[in-house]
Amino acid sequence: QVQLVESGGGLVQHGGALRLSCAASGFTPDDYVIGWFRQAPGKEREGVACISRSDGGTIYRDSVKGRFTISRDNAKNTVYLQMNSLDPEDTAVYYCAGGQFVLYYSDYDLDWDRYDDWGQGTQVTVSS
């Protein structure tokens, strides 16, 4: 029922920054979780970060800790992913996804099977 639309992707140099946005429309329950996933050519889809709508709890994969920050604005039904110190290895299509569950604060929270609603994706390209 929830529709998600990503924006903010583009081309940046290594060390640069981008801010991705995920706008949600439709009913979002209090226990809704928004996650960011990415998929690079020839690689498996992987979870990047997620945030709980209710209490703002967050999970990050190890490779982006200290560089990426996920945040939310519940009034605008929008989640952001601030990406700093970008590396060419961050190049991928980034997807916003949503699911109704309670965070376990483990790798389980970034399992794409937990998420039911998906956006179309936005391309992020980081040049050397």
Cysteines without a disulfide-compatible neighbour (Cβ-Cβ under 4.7 Å), the chain: C50
Region 1-48: GluC sites (Glu not before Pro) in DSSP coil with no more than 11 other Cβ atoms inside 10 Å: E44
Lys/Arg +1, Asp/Glu -1 at C-beta; the chain dipole; positive extreme among Q123, C50, V102: Q123
Charge dipole (debye, nearest 20) of the chain; +1 at Cβ of Lys and Arg, -1 at Cβ of Asp and Glu: 380
Pairwise FRET efficiency - Q1 versus R67, Cβ, R0 = 22 Å, nearest 0.05: 0.10
Potential lengthening between E44 and Q13 on full extension [0.36 nm per residue; Cα-Cα distance subtracted]: 8.8 nm
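Taken together, the values in this text are just the output of simple stated rules run on the coordinates, not laboratory data. On a predicted model such as this, the values are computed, not experimentally measured, just so you know. Please note: Cβ atoms are built from the backbone with ideal geometry, for glycine as well, and neighbour counts cover all protein chains shown.
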